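The values are calculated or read from the model by the stated rules, or taken from the named source; none is laboratory data. Keep in mind the model is a prediction, meaning the values are calculated, not measured. Don't worry about glycine lacking a Cβ; one is built from the backbone with ideal geometry, like all the others, and counts go over all protein chains shown.
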Amino acid sequence: MIIQHLLMPKSGVCGQQDMFSRLNKRAYFSDEHQTLTIYPHGVAWFDTYFNSLSIGKWKKYTDIGTVSLTLRLKGQLEISLYRKEKIHAVIAETELLTASFQSEREEEITLTFPGSDEKGMYFFRLEGVKGESKFYGGWYSAEIPEGSLRDVDLAIDICTFKREAFIQRNLEILHRAFLDDENNPLHGHLHVFISDNGKTLDIPALAGESVQIVPNKNVGGAGGFTRGLIEIMHCPTYQASHVLFMDDDVVIEPEALYRTYAMLRCRKEKYIDAFIGGAMLRMDQPNIQVEAGAAWYAGDLMSRNGGLDLNSVDACLYNEVEEYVEFNAWWYCCTPMTVVNENNLPLPIFIRGDDLEYGLRNMRHLILLNGICVWHEPFENKYSSFLSYYILRNLLYDNALHCPGYTKWQFLRRLCGTVVRELFYYRYKNVDLIFRGVEDFLKGVDFLKETDGEELHRQIMAAGYKAVPAEELDMPFENGPYENSMREEENKVHKLFRFLTFNGLFLPAKDDRIVSMAQCRPLNFYRAKRVMQYDVASGKAFMTEKSITATLGWLVKTAFKSLHIAMQFDGAKERFRANAADIISEQAWCTYLGLERSNEYVQ
C-alpha cells in the first residue's frame, strides 16, 4: 500500500524548495515540468518536511511492516537510503543502503529500507553520476498484514461566512485531486459538507453528489461546524467514519488528505479512536510553523512547535518528538465519528474555544505528521474588537468543564490584567465587552439555551470598535510612525517609571500615535493623546483617545465587579458543570439553529 507520495513545490500552494528537497548547485527544479534535473556531482537530499517519512510514528500507530521506496528516474544516479533521528541536541544519521540506477528512459526502481531500528525519519538522497539525470517523483509504500486495513470514509466539515473565493478554490482542488478522479484511492471515500453561515454561496453551482451545502444561521464557527456534524450524522447516502474539521480560508495540499487517509487505514486497534491533526503554517511565510497541537493548562495556552522554520532539517526532526497535547485546532482536525453522537456535540459558544473544549472532552490520542498541514493567515494579522466579549467568557466555560480546580483568584488575576491592558490601549468599549461576557457566564447554561446567538453577536459587534478605511478617519495615516511603533524600545528605568505612572495616565499627553491594531504594546500608548490603531493587511483602522475620567471610572467599576464575581464564581462554575449536558445535545442544537429536522440538505 502507498502510504505517502513524494511531492515537489507547486505555484499557488508552496514554493519553498527546501521543504521538498535540498539541492546543491548541480541540481535544479523545474516548476513547469515538475521535475528535478541532476548533473554529475549534483545532489538532492529528501530529509525534508514533505518528503521524509516519519517512520517512528508510523511504527507506533500502525501495523505496517517493511517500508519500500519507489522512484521514477531517468539517467545515471546513485541512490542512498537513510534514517535520521534527533537525540537531544545531536542529530544521528545512519546510511542504510546504496544502489545504482541507469536508464536512458524513465523507469521505476523500488528499494526496501533494511533494519529494525525504526525511529525518527526515513529519507533518501540522489546524486548524479553521468550526463543529465531526471527525478519525476515516487512514493513510500509498506507491507500491510492481510485483512488488517480498516474501512475509512472521510467527511470534510467546513464552516464559512462570506468567503466565496476560498470555498470555490478549495472545492476545485478537492474535485481535481479526489472527487472526480476515479483512480484515486480516496474517490468515493470523501464527501464535503459545508455550512454557509453567510448564505452567500451559489449552491446550485457548487454542490453535487459529493458536496453538500446547507444555508445556516450566522452562529459562528461552533454553530457552523456543529451544523455540519448534524448533517453528517444523518446523511442517508454517506456513512462517514471520520469528520475532518477544516477552516474555509486555508490553503491545502491534497496530499495531506491522502496521508491522513492512509494512516487511518493502517492504525492499530490501540489507537482506533485517534485524532489526526494538521499543523498550521503561515500563509505569508509558508515555511514557518505556527502550531502543531496544543495544550490548555487552564487558559495558559501552550502552542506546540511554533516558530519552527521547516526549511531546516533540525525543525523537521523536532516535529518528530511527541509532546503532551490536549487538542488540535479546527483549521485541520480529523475526528473519529465514534465520539460524535446526539448527546456529544460542541458547546454553542459561537467562536473561540469551541474546538478546544471539544478536544479536551474527547481526544485521547493525537497523531501529528510532517506534511499534514494547512497554510493560514497568521493570527497577529487579525484583530476584532468583539472578541473581547468571547475570549474570557469562553475560557470560563472551558475551565468549568475541564479544569475544576481553576479558582476565582486565578481568574480575577487574569481579568484584572486584561482590563488594565485594555485601559492602557484606551479601548474602553472592550472593557465593557469583557465584563458583559463574564456576567453572561455567571447566568449559567440557561443563558446559552435562551439566547439567540445570531442576535447576540450582532449586539456584540455593534458594541465594539469598528475598523474603517484609514482615510475615513480624522488623522492621516503615515507609514513611518506606524513602522516606528513596531520597533519602539525602552530601558528598564523607563519601564519602571511608566509602570509607576500607570503607563503615563497621570502625565500630560504629548502627541498622537499610529500603532498596530493587533501587535501594539503598552509602550506605544505611553503619554499618547489619540491613537490610530491600524491593520496593515486590510488598510483599516479605528481611533481611541486617552480619558482619565473613563480610566478611573473603569478602575472603580473593576473593583466592585471583581467583588461580585468572587461571590458568584464558585456557584456558577458548579452549576454550569452540572447542567452542560443540556446544551450539547442534538435536540438543543436544533432548537438553537432553528431546525425542524436535522437533515435539511440543499444540493
- Going through the stretch 345-377 in order, the residues found to be in a loop (DSSP other than H, G, I, E, B) and either closer than 22 Å to L264 by Cα or in the same structural domain as F50 (by TED's automatic domain parsing) (or both) are M363, R364, H365
- Message: Any residue that is of a type in the set (D, E), in contact with a Lys or Arg (Cβ under 8 Å, 6 or more places away or on another chain) and more than 30 Å from T501 (Cβ to Cβ) - is there at least one of those in the stretch 388-398?
- Response: no
- Is there a residue in the stretch 58-72 that is touching a His at 6+ places or on another chain (Cβ under 9 Å) and modelled with pLDDT of 95 or more? yes
- Can you tell which of E450, E483, E454 is assigned by TED's automatic domain parsing to the domain that holds R530, in contact (Cβ under 8 Å) with a residue 60 or more places away in the chain and of a type outside the set (A, V, I, L, M)? E454
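Listed here are the residues, each with its yes/no results for (1) among the hydroxyl-bearing types (S, T, Y); (2) free of Cβ contacts under 8 Å to residues at least 24 places away in the same chain; (3) surrounded by 23 or more Cβ atoms within 10 Å (Cβ to Cβ).
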| position | (1), (2), (3) |
| --- | --- |
| E269 | no, yes, no |
| I272 | no, no, no |
| G278 | no, no, yes |
| R282 | no, no, no |
| N287 | no, no, no |
| A295 | no, no, no |
| G299 | no, no, no |
| M302 | no, yes, no |
- Task: May I ask you to list the residues in the stretch 181-217 that are of a type outside the set (A, V, I, L, M), part of a loop (DSSP other than H, G, I, E, B) and either under 26 Å from Y261 (Cβ atoms) or not assigned by TED's automatic domain parsing to the domain that holds T160 (or both)?
- Result: D181, E182, N183, N184, P185, H187, G188, H189, E209, S210
- Task: Evaluate the following for H457: is it surrounded by 14 or more Cβ atoms within 10 Å (Cβ to Cβ) and not aromatic (F, W, Y)?
- Result: yes
- Item | Residue within the stretch 42-52 that is surrounded by fewer than 19 Cβ atoms within 10 Å (Cβ to Cβ), assigned to a loop (DSSP other than H, G, I, E, B) and either in contact (Cβ under 8 Å) with a residue 12 or more places away in the chain or among the small types (G, A, S) (or both) present | no
- Message: Yes or no: the stretch 557-577 includes at least one residue that is touching an Asp or Glu at 6+ places or on another chain (Cβ under 7 Å), more than 30 Å from F502 (Cα to Cα), surrounded by fewer than 18 Cβ atoms within 10 Å (Cβ to Cβ) and not aliphatic (A, V, I, L, M).
- Response: no
- Being assigned to a helix (DSSP H, G or I), of a type outside the set (D, E) and farther than 21 Å from W331 by Cβ is the filter here, so list the residues in the stretch 231-270 that pass it. M233, R265, C266, K270
- Would you tally the residues in the stretch 358-379 being within 26 Å of K449 (Cβ to Cβ) and touching a Pro at 6+ places or on another chain (Cβ under 7 Å)? 1
- Going through the stretch 58-81 in order, the residues found to be among the aromatic types (F, W, Y) and either in a strand (DSSP E or B) or in contact with a strand residue (DSSP E or B) (Cβ under 6 Å, 6 or more places away or on another chain) (or both) are Y61
- Message: Looking only at the stretch 129-153, count every residue that is basic (K, R) and either out of contact with any Leu (no Cβ under 8 Å at 6 or more places or on another chain) or modelled with pLDDT under 95 (or both) and tell me the total.
- Response: 1
- Task: Being aromatic (F, W, Y) and more than 16 Å from G56 (Cβ to Cβ) is the filter here, so list the residues in the stretch 258-279 that pass it.
- Result: Y258, Y261, F275
- Message: Here is a check on your reading of the model: is V152 at negative phi, in contact with a helix residue (DSSP H, G or I) (Cβ under 7 Å, 6 or more places away or on another chain), surrounded by 17 or more Cβ atoms within 10 Å (Cβ to Cβ) and not in a strand (DSSP E or B)?
- Response: yes
- Query: Can you tell which of G208, G198, G188 is surrounded by fewer than 18 Cβ atoms within 10 Å (Cβ to Cβ) and more than 20 Å from Q239 (Cβ to Cβ)?
  - Reply: G198
- Determine which member of the set A566, A537, A572, A559 is outside any helix (DSSP H, G or I) and not hydroxyl-bearing (S, T, Y). A537
